[in-house]
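**Student:** Dropping the structure in here first, questions after.
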Amino acid sequence: MASVATSQSSSAVQTENFDVVIIGAGISGVGAAYHLGDQCTDKSFVVLDSQQSFGGTWTTHTYPGIRSDSDLYTFGYRFKPWVGAPIASAEEILNYMGEVIEENDLAPHIRYGHTITRANWSNEDNLWTLEGIRNDTQQPVRFTANFLWMCQGYYRHSEGYTPDWAGMDEFNGQIIHPQTWPEDLNYKEKQVVVIGSGATAATLVPAIADDCKHVTMLQRSPTYFIPGRNENVLADQLRELDIDETWIHEIARRKILQDQAKITEMAFEQPEVLTKQLLGAVRAYLGEDYDIEKHFTPNYLPWRQRIAFVPDGDIFKGIASGKASVATDEIDHFTEDGIQLKSGDKLDADIVITATGFNMSVLGDIAFSIDDKPVDFADTVTYRGMMFTGVPNMLWIFGYFRASWTLRVDLLADFVCRLLNHMDQQGTKQVTTMLRKKDQHMPISSWMDPENFNPSYLMRSMDLLPKCGNTPEWQHTQDYWSEKDLIPEIDLSDEVFVYK
Ligand SMILES: Cc1cc2nc3c(=O)[nH]c(=O)nc-3n(C[C@H](O)[C@H](O)[C@H](O)COP(=O)(O)OP(=O)(O)OC[C@H]3O[C@@H](n4cnc5c(N)ncnc54)[C@H](O)[C@@H]3O)c2cc1C
C-alpha cells in the first residue's frame with residue numbers, strides 16, 4: 001500500500017495525499033472502499049463524510065418506521081450475504097454496513113465530520129485538491145488525490161424539500177419534514193396530516209397510525225405500490241435445506257432480478273396489464289367499495305417513478321382499519337388549525353408532515369474546477385452516467401431507480417478498479433472521457449428523458465445535471481440488466497478514454 005504523504009502548503013493548512021479520495025460513507029462509499037481494498041491493494045485511499053457516522057441515507061432518516069423500499073438481497077452488496085427479511089429497517093441496514101466495515105478493516109480509512117466544498121484538478125500535477133472543513137473544529141482541511149470517487153448520493157442531507165404554501169406561517173401546529181425528524185416529536189392522540197404519497201409517506205403512515213388520533217395521507221395525485229409479504233420464499237426454502245448463505249444470497253439475487261426484469265419489461269411493453277395487476281393487489285386489501293380509481297390510480301404509467309414495495313400491505317391495512325385515510329386533493333392554503341383544500345374540504349391537523357421529497361444535490365454541492373476554471377456539469381456529457389466529458393480522473397456513483405441502487409455500486413466499483421489497474425499498467429496518470437469524432441454531432445439532451453423517468457426532484461434540477469447523448473454509452477440508461485453485461489466489457493483502449 002502506498003504511503004500517506006503529509007505536506008505543508010503555503011497557506012499553512014496541512015495537505016494529506018492519497019491515491020484515491022472517496023466522498024461519502026453511505027452504501028456507495030463503503031462499497032467503493034471495500035472494492036478498492038480488494039481489487040487495488042496497493043492504493044492508498046480515504047473516505048470523507050460530513051456526517052458523524054457511516055450510512056448516509058440510513059443515518060439521516062430517523063422517522064418512525066424508516067425502512068428500505070427494495071429488497072436487501074439486491075440492495076445489499078454482492079459480496080456480503082443478506083440473511084434477514086427482504087425489506088429492512090434503517091437499523092438493520094446500518095448493522096449490515098457496520099459488519100462490512102469491521103470485517104474488512106475499513107474504519108481506519110474513514111474520516112467523519114469532514115465536509116468538502118471545493119475540488120480543483122491540476123493538469124500539471126495530475127491531482128485533485130479537495131478543500132473543506134472539519135465540522136467539529138471548523139478548521140480547514142485539504143486533501144490531494146490522483147482519483148476522485150464521488151459517492152455523495154443524490155440529495156442534500158441537511159434539509160428536505162418543502163413547497164411554499166400560502167398560510168404556513170399562520171398554522172398553529174408543527175410542520176415537520178421527515179428528513180429532519182425531531183427525536184421528541186409527540187404525535188400520540190394527535191391529528192396528523194402527511195403530505196405526499198411516495199415511499200416515505202407509505203412508510204410513515206402505518207408506522208404512526210396506531211398512536212395518532214388519526215392520520216391522513218394527503219396527495220395531489222396517487223402513486224403505484226407493490227404490496228407483498230416481507231419474505232423471500234426461495235431463500236427461506238434454501239435455508240431449510242441448510243444451503244450456504246453465500247449461495248442463498250446469489251440465488252435469491254438472481255431470482256429477484258429475473259422477476260424485476262419481467263416487471264420492467266411489462267411496464268414498457270404492456271403497461272396496462274401491469275397497472276391492472278398492481279391495482280388488483282391494492283384492491284385485495286381495501287375491498288371493492290374503496291375508491292381505488294381516485295386514490296390509488298396514478299396518472300402516469302408504471303415505473304416512470306420508483307414503485308415502493310409495501311411489506312405485508314401495512315399502509316392498506318391501516319386504511320382498512322380506519323386509523324388512516326387518504327385524501328386526493330390539492331392544498332389551497334394552510335389555516336390556523338389545518339389545511340384548506342381546493343375541493344372545499346378541510347383537514348384538521350395538529351401536526352403536518354411534509355413527505356414532499358428532496359433537494360437534489362449534484363455532486364455533493366462541491367464547487368468543481370479544472371486548473372482553477374469552474375466546471376459547470378450542465379456543459380458536460382455523461383459517459384454511461386458515471387464520468388463526464390472533459391473532467392479527468394473522476395467518477396460518480398448514481399445508482400438505479402428501477403432496481404436496487406447498490407447493484408450499480410458493485411458494478412461501477414469493478415470498473416473503477418479495472419481502470420485504475422489499467423492506468424498503472426500503462427503508466428498513465430490521467431484519464432478523461434471525450435466525445436469521439438463519430439459522437440460530435442449526436443443529439444444532446446437533458447440527463448433523463450421525462451417520458452422514461454420523472455420524479456419531481458429530478459425534474460426540478462435538470463438544468464444542473466450533465467447532458468446525455470443518444471446512445472447507451474452517453475446515457476444513464478437506468479437499465480441494470482443490460483449494464484451488468486456491458487460495463488464489465490468496456491474496452492479501456494477505446495478512443496472515448498483519453499489517457500495522459
Ligand atoms: C428513505 C429512503 C429510502 C430509500 N430506500 C431505498 C431502497 O430501498 N432501495 C434503493 O435502491 N434505494 C433507496 N433509496 C435511495 C437511496 O438514497 C440510495 O439507494 C442509497 O442509500 C444512496 O446511497 P449513497 O451512499 O449513494 O448516498 P447517501 O446515502 O445519500 O450518502 C451520501 C453520503 O455522502 C456524504 N456527502 C455528500 N456530499 C458531501 C460532501 N460535499 N462532503 C462530505 N460528505 C458528503 C453525505 O453526508 C452522505 O453521508 C432510499 C432513499 C431514501 C431517502
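**Student:** Under 6 Å between Cβ atoms, which residue pairs at least 6 apart in sequence (or on different chains) link something in segment 164-181 that is of a type in the set (Phe, Trp, Tyr) with a partner that is away from the ligand (no atom under 16 Å from the Cβ)?
**Tutor:** Matching pairs, first to second residue: Trp165/Ile331; Trp165/Phe334; Phe171/Phe334.
**Student:** From Ser122, Ser68, Ser89, which residue is without any contact (Cβ under 8 Å) to a residue 40 or more places away in the chain and more than 8 Å from the ligand (Cβ to nearest atom)?
**Tutor:** Testing whether each residue is without any contact (Cβ under 8 Å) to a residue 40 or more places away in the chain and more than 8 Å from the ligand (Cβ to nearest atom) leaves just Ser89.
**Student:** Please enumerate the residues belonging to segment 316-359 that are more than 29 Å from the chain's Cα centre (by Cα) and small (Gly, Ala, Ser).
**Tutor:** Scanning segment 316-359 gives Ala320, Ser321, Gly322, Gly338, Ser343, Gly344, Ala349.
**Student:** Next question. Just wondering, is there one or more residues in segment 7-17 that are more than 8 Å from the ligand (Cβ to nearest atom), farther than 30 Å from Thr137 by Cβ, modelled with pLDDT of 95 or more and not assigned by TED's automatic domain parsing to the domain that holds Gln258? Give the steps one after another, and end with the answer.
**Tutor:** So in segment 7-17, the residues more than 8 Å from the ligand (Cβ to nearest atom) come out as 7-17.
So of that shortlist, the ones also farther than 30 Å from Thr137 by Cβ come out as none.
No: segment 7-17 contains no residue that is more than 8 Å from the ligand (Cβ to nearest atom), farther than 30 Å from Thr137 by Cβ, modelled with pLDDT of 95 or more and not assigned by TED's automatic domain parsing to the domain that holds Gln258.
**Student:** Tell me, which helices (runs of 4 or more DSSP H) lie completely within segment 222-321 with 3 or more residues that are touching a strand residue (DSSP E or B) at 6+ places or on another chain (Cβ under 7 Å)?
**Tutor:** 271-286, 314-321
**Student:** Sticking with this one: Go through segment 345-457 and tell me which strands (runs of 3 or more DSSP E), entirely inside it, have 3 or more residues that are away from the ligand (no atom under 15 Å from the Cβ) and in the same structural domain as Phe45 (by TED's automatic domain parsing).
**Tutor:** 431-433
**Student:** Kindly indicate whether any position in segment 85-92 is in the same structural domain as Ala33 (by TED's automatic domain parsing) and farther than 25 Å from Trp181 by Cβ.
**Tutor:** no
**Student:** Quick check on my filter: what residues within segment 285-317 are surrounded by fewer than 17 Cβ atoms within 10 Å (Cβ to Cβ) and either among the aromatic types (Phe, Trp, Tyr) or free of Cβ contacts under 8 Å to residues at least 12 places away in the same chain (or both)?
**Tutor:** Of everything in segment 285-317, those that are surrounded by fewer than 17 Cβ atoms within 10 Å (Cβ to Cβ) and either among the aromatic types (Phe, Trp, Tyr) or free of Cβ contacts under 8 Å to residues at least 12 places away in the same chain (or both) turn out to be Glu288, Asp289, Asp291, Glu293, Tyr300.
**Student:** For segment 92-184, list the strands (runs of 3 or more DSSP E) that sit wholly inside it and hold at least 1 residues that are within 23 Å of Tyr34 (Cβ to Cβ), touching a Phe, Trp or Tyr at 6+ places or on another chain (Cβ under 6 Å) and of a type outside the set (Gly, Ala, Ser); which are they?
**Tutor:** Here the list reads 127-134, 140-150.
Listed here are the residues, each with its yes/no results for (1) out of contact with any strand residue (DSSP E or B) (no Cβ under 7 Å at 6 or more places or on another chain); (2) crowded, with 22+ Cβ neighbours inside 10 Å; (3) closer than 26 Å to Tyr224 by Cα.
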site: His333; (1), (2), (3): no, no, no
site: Asp337; (1), (2), (3): no, no, no
site: Asp365; (1), (2), (3): yes, no, no
site: Thr382; (1), (2), (3): no, yes, no
site: Met386; (1), (2), (3): no, no, no
site: Thr389; (1), (2), (3): no, no, no
site: Phe398; (1), (2), (3): yes, yes, yes
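**Student:** Further question on the same structure: Answer yes or no: is there a residue in segment 418-427 that is in contact with a Cys (Cβ under 8 Å, 6 or more places away or on another chain), within 29 Å of Arg253 (Cα to Cα) and surrounded by fewer than 19 Cβ atoms within 10 Å (Cβ to Cβ).
**Tutor:** yes
**Student:** Take Pro163 and tell me if it is more than 16 Å from Asp49 (Cβ to Cβ), within 15 Å of the ligand (Cβ to nearest atom) and either not charged (D, E, K, R) or not assigned by TED's automatic domain parsing to the domain that holds Asp19 (or both).
**Tutor:** Taking the combined requirement at face value, the residue does not satisfy it.
**Student:** Also, quick follow-up: Out of Val194, Val215, Val205, I need the residue that is more than 16 Å from the ligand (Cβ to nearest atom) and over 14 Å from Thr62 (Cβ atoms). Which one?
**Tutor:** Criteria check complete, one pass: Val215.
**Student:** Considering only segment 325-344, how many residues are over 16 Å from Cys212 (Cα atoms) and in a strand (DSSP E or B)?
**Tutor:** Qualifying residue count, segment 325-344: 10.
**Student:** OK, next. For Asn135, are the conditions met, namely being in contact (Cβ under 8 Å) with a residue 12 or more places away in the chain, more than 15 Å from Ile366 (Cβ to Cβ) and more than 14 Å from the ligand (Cβ to nearest atom)? Walk me through it before giving the result.
**Tutor:** Numbers: in contact (Cβ under 8 Å) with a residue 12 or more places away in the chain: yes; more than 15 Å from Ile366 (Cβ to Cβ): yes; more than 14 Å from the ligand (Cβ to nearest atom): no.
So Asn135 does not fit the description; no.
**Student:** Of Asp42, Asp49, which residue is surrounded by 20 or more Cβ atoms within 10 Å (Cβ to Cβ) and either near the ligand (Cβ under 8 Å from one of its atoms) or more than 20 Å from Gly399 (Cβ to Cβ) (or both)?
**Tutor:** Checking each option against the conditions leaves just Asp49.
**Student:** Here is a further query. I'm checking my understanding of the structure. Among residues of segment 205-221 that are in contact with a Ser or Thr (Cβ under 8 Å, 6 or more places away or on another chain) and part of a loop (DSSP other than H, G, I, E, B), which one is nearest to Asp345 (Cα to Cα)?
**Tutor:** Filtering first and then ranking leaves Arg220.
**Student:** Which numbered condition in (1) modelled with pLDDT under 95; (2) more than 16 Å from the ligand (Cβ to nearest atom) is the only one that Pro182 fails?
**Tutor:** With respect to (1) modelled with pLDDT under 95; (2) more than 16 Å from the ligand (Cβ to nearest atom), Pro182 is out only on (1).
**Student:** So which residues in segment 443-493 are out of contact with any Lys or Arg (no Cβ under 7 Å at 6 or more places or on another chain), among the charged types (D, E, K, R) and either in contact (Cβ under 8 Å) with a residue 40 or more places away in the chain or closer than 26 Å to Ile263 by Cβ (or both), if there are any at all?
**Tutor:** Within segment 443-493, Asp449, Glu451, Arg460, Asp463, Lys467, Asp479, Glu483, Lys484, Asp485, Glu489 meet the criteria.
**Student:** A further question on this structure: I'm trying to understand the selection: among the residues of segment 478-500, which are over 30 Å from Leu127 (Cα atoms) and in a loop (DSSP other than H, G, I, E, B)? First the steps, then the outcome.
**Tutor:** The first filter runs over segment 478-500 and keeps only residues over 30 Å from Leu127 (Cα atoms), leaving 478-482, 484-485.
Those that are over 30 Å from Leu127 (Cα atoms) and in a loop (DSSP other than H, G, I, E, B): Gln478, Asp479.
**Student:** Sticking with this structure for a sec: Tell me which residues, restricted to segment 58-74, are touching a strand residue (DSSP E or B) at 6+ places or on another chain (Cβ under 7 Å) and of a type in the set (Val, Ile, Thr).
**Tutor:** Ile66
The values are calculated or read from the model by the stated rules, or taken from the named source; none is laboratory data. Predicted model, so just to flag it, every value in this text is computed and none were measured. Virtual Cβ from ideal backbone geometry, glycine too; neighbours counted across all protein chains shown.
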